[in-house]
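The values are calculated or read from the model by the stated rules, or taken from the named source; none is laboratory data. Everything numeric in this text was worked out from a predicted model, so none of it was measured. Cβ placement follows ideal geometry from the backbone for every residue including glycine, while neighbour counts extend to all protein chains displayed. These accessible areas exclude ligands, DNA and RNA; they are computed on the full protein's heavy atoms, side chains included. Shrake-Rupley method; radii C 1.70, N 1.55, O 1.52, S 1.80 Å.
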Amino acid sequence: MLKLDDITVHYGATVAVDKVSLEVNEGEFVTLIGSNGAGKSSTLRAISGLEPVVSGTITFEGKPITNTRPQSIIEHGIAHCPEGRRVFSQLNVRENLEMGAYCRSDHAGIRDDLESMLGRFPRLRERIEQPAGTLSGGEQQMLAIARALMSRPRLVMFDEPSLGLAPNFVEQVFELTAEIRAGGTTVLMVEQNAYAALELCDRSYLLETGRVVLQGTAREMRDNPDIRKAYLGG
Amino acid sequence: MDQFLQHLVNGTVLGATYALLGIGLTLIFGIMKVVNFAHGELYAFGAYVAYALVSLLQMDYFVALVLAAGLGLLLGAAIEFLLLRRCRLENIDEVMLIMIGVMIIMQNAELLAWGGVAKVVPTPFPQESIIVGGIYLSPTRLFVLGAAIVLLLAFYLVIERSRLGLAMRATFQDEDAARIVGVNVSRIYTLTFGLGSSLAAITGALLAPVFVVTPTMGDLASLKAFAIVILGGLGNIRGAALGGFALALIEEFGAAYISTAYRDAIGFLVILVVMIARPQGLFAAKERVG
C-alpha cells in the first residue's frame, strides 16, 4: 500500500533520514521504533509532504507521491496525527473536527462522521464548544486522533501518540490505535515506547541515526536479543 | 446634552471606519504576524481609486466603492504573492523592511501620479444635514456608518462562520497542522493579506468624500490602525472592532472637552496607558498557552 524506497531527508545540514526503505501493506499495523532523533518523525513528515525528500521515492497504492504537497497527500487517503498533538488551540472542539474533514466536501457525510466521533469520544462531546487549548493533554490527544479520522483515511500515521500523557490515557490511546486498525484502517505508528509498540503491531522497523537497522514481525523483534537489551529493558 | 450626543454620533461614525481599518490590520498584523507598515497606504490607495473613478471618470460612487474593494484585494494579494511569499515571514526584520519599502513606493507613486495637492471626491448625497433632536446628521456620514457596519458584520461572519475563515484561523494558529489536514496554506496567506488590504481600501474610498485625499493620508491611518489593533488585543477581530470605536470616541470627546489641538495626542496617550496597564489589549480573551 505504502512503499518508501531509499528516501533521504535533510534537516538543515544534518541527514535526518538516510536511505530508508519500508513498506506498509493494506490492513497492517506497522510501527517505527527507535530512540529520540532516530529519524522516525522525519520519515512521517516526509510521507506527508511536510519535509522535502532529497532522494528516493514514495509510492502509495502504486502512485508516486514523493514530494507531493500535504493537501494532496490527505486527498490520497493518508492522515497524519502529528507529534505533540498539534490541535488548533484557539478553535473549539467542533471546529477542530471540522478542520479534520477540510479536504472533503460531502457535507452530510461529514456531519455523520462528526456525530459518530462524538459518540466514540464522549469527553469531546462534553467539551464541544470549548477551545481545544483548554482541554487536558489526554483529551487533546483524543481530539488529534479524531481529527485525523475525520478525513476518512485509508492509512493513518500516528506520531508518538502516548508522549506526555498520564498512564491511564496512554493505555486508552493504544487501545484506540488497535481499534482503528480492527476497523479496517491501515496504521503506521511512530513510538518510543518499544514495548507497547511491539505488543500492538504486526511488523516493526527499528531506526537508528536515520537508518533502518532492523526489521521484522513483532514477535521477531521482541525476541531479538539486541532489541531486548537496548529497548525492552533486558 | 445636545453637544454630548452630537460628539457621540460623530465618534460612532468615525469609530465604524476605524473598526474597519483595525480589523483589516488585525488580520495581517495580529493573525498573520506581518508588521504591515503599508496598511495606511492601502487606505490611501482606496481613496485615490475613488478620486480617479468618481472625480475624473465621472463614475458612479457606489460602483467606485466596489471597485476600490476589489482593486485593494488584488493589490494586497499581489504584495503578498510577489514580495512576502518567498521569505514566508521567517525573518521579521526582512518583512518589516519589505513593508516599509512598499509604503515608501506607494506613497511616492501617489505623489507622482496625482501631485501633492489635496483632492476632493464629490459625495452623491445631499449636502444638507438632517437634524434630529438637535443633532446634525450628514447623509454622507450616515451612509459611511451604515456601510461600515454592514462590512463589519459581513466580515465577522466570514471569519467566524465560513469554511475559509476557519481555515484562516487554523493556519495562523498552527501552519503544519493546517497543512496536514489539507489546507493550501500559501493560498490562505495570499487571501488573508488581500482581504485585510481590501478592507483598508474600501475604508479609504468610503471616507474620500468626507475628508480630502492626499498622498500622506496613509501615515496617520497606519499609526491609528496599529493603535487600534494593540488596543483590541493582537489578532482579536472583535477587539479590533471595539478598539476602533473606543479610539474614535476617546479622540472625539478628548477634542470636545479637553483640546481640539491635541485630538490625536489624546488617543495615543490612552494607547500608551493601555500598553502599560494591560499589554494584552483591552478586549483580549483569556487563553491557555501550551
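Mind running the shape call on the protein assembly as shown? Use the C-alpha gyration tensor, a ≥ b ≥ c as the square roots of the eigenvalues: rounded below 1.5 for a/c, prolate if a/b tops b/c, oblate otherwise.
It is prolate, given that a/c is not under 1.5 and a/b is the larger ratio.
Go through region A:139-150 residue by residue and turn each phi into a ³J(HN,Hα) via Karplus (6.51, -1.76, 1.60, θ = phi - 60°); whole Hz please, and just put x for glycine and proline.
3J(HN,Hα) across region A:139-150, in whole Hz: 5, 5, 5, 4, 5, 4, 5, 4, 4, 4, 6, 4.
Per residue of B:165-171, count partner chain C-beta atoms within 10 Å of its C-beta, then hand back the mean as an integer.
4
Would you calculate, for chain B, the mean residue ellipticity at 222 nm contributed by helices, counting each DSSP H stretch of 4 or more residues as -39,500 (n - 2.57) and dividing by all residues, to the nearest 500?
-22500 deg cm²/dmol
Each residue of region A:105-119 in order: what ³J(HN,Hα) in whole Hz does its phi give by Karplus 6.51 cos²θ - 1.76 cosθ + 1.60, θ = phi - 60°, with x for Gly and Pro?
Karplus values, whole Hz, x for Gly and Pro: 10, 8, 4, 5, x, 4, 4, 4, 5, 4, 4, 6, 5, 5, x.
Using alpha-carbon positions, what is the distance between the centroids of region B:112-133 and region A:155-234, in Å?
71
Quick one: if you stick a label point 7 Å off each Cα along the C-beta vector at B:Val150 and B:Leu112, how many nm between them?
If labels sit at B:Val150 and B:Leu112, their model points lie 3.7 nm apart.
When the solvent-accessible surface of protein heavy atoms is calculated with a 1.4 angstrom probe, in what order do A:Glu129, B:Glu175, B:Glu90, B:Glu251 fall, highest first?
B:Glu90, A:Glu129, B:Glu175, B:Glu251
With all protein chains present, calculate the accessible area of A:Thr31 using a 1.4 Å probe and round the result to the nearest 10 Å².
0
Treating the angle as unsigned and between 0 and 90°, give the value, to the nearest 10°, between the Cα long axis of helix A:167-182 and the longest Cα principal axis of chain A.
Once rounded, one gets 90 degrees.
How many Lys pairs in chain A lie less than 18 angstrom apart by Cα atoms, where the lysines are 8 or more positions apart or on different chains?
Qualifying lysine pairs in chain A: 4.
Where the centre of each part is set by its Cα atoms, how far does region B:198-262 sit from region B:150-166, in angstrom?
For region B:198-262 versus region B:150-166, the Cα centre distance is 21 Å.
Run the helix sum for chain A: -39,500 (n - 2.57) per DSSP H stretch of 4+ residues, divided by residue count, reported at 222 nm to the nearest 500 deg cm²/dmol.
-11000 deg cm²/dmol
Mind checking the angle between helix B:139-161 and chain B's longest principal axis? C-alpha axes, 0 to 90 degrees, to the nearest 10.
20
Using a probe of 1.4 angstrom, how much of the accessible area of region B:66-205 is carbon and sulfur, in percent?
Result for region B:66-205: 69 percent of the exposed heavy-atom area is carbon or sulfur.
Provide a list, ordered by number, of residues in region A:87-123 showing at least 40 Å² less accessible area with every protein chain present than when their chain is taken on its own, using a 1.4 Å probe.
A:Phe88, A:Gln90, A:Leu91, A:Glu95, A:Met99, A:Tyr102
Once phi is turned into ³J(HN,Hα) by the Karplus curve 6.51 cos²θ - 1.76 cosθ + 1.60 with θ = phi - 60°, what whole-Hz value does each residue of region A:18-28 show in order, with x for glycine and proline?
Each residue of region A:18-28 in turn: 10, 6, 8, 10, 7, 9, 10, 8, 4, x, 7 Hz.
Just the number please: accessible area per residue for region B:24-217, 1.4 Å probe, all protein chains included, in Å².
The answer is 42 Å² per residue.
With a Förster radius of 56 Å, plug the Cβ-Cβ distance of A:Asp112 and B:Leu83 into 1/(1 + (r/R0)^6) and report the FRET value to the nearest 0.05.
For R0 = 56 Å, the calculated efficiency reads 0.80.
Take the alpha carbon atoms of region B:68-98, find their center, do the same for region A:24-44, and report the distance between the two centers in whole angstrom.
Computed from Cα coordinates, the inter-centre distance equals 39 Å.
Taking the highest mean first, how do the peptides B:108-118, A:173-183, A:189-199, B:201-211 order by number of other beta carbon atoms within 10 angstrom per residue?
B:201-211, A:189-199, A:173-183, B:108-118
Answer rounded, prolate or oblate for region B:7-101, using the Cα gyration tensor with square roots of eigenvalues a ≥ b ≥ c: rounded when a/c is under 1.5, else prolate when a/b is larger than b/c, else oblate.
oblate
Once the Cα atoms of helix B:237-257 and of chain B are each reduced to a long axis, what angle between those two axes, in degrees from 0 to 90 to the nearest 10, is obtained?
Approximately 30 degrees, to the nearest 10.
Given axes a ≥ b ≥ c from the Cα gyration tensor, I'd like to know whether region B:205-271 is rounded (a/c under 1.5), prolate (a/b larger than b/c) or oblate.
It comes out oblate by the Cα gyration axes.
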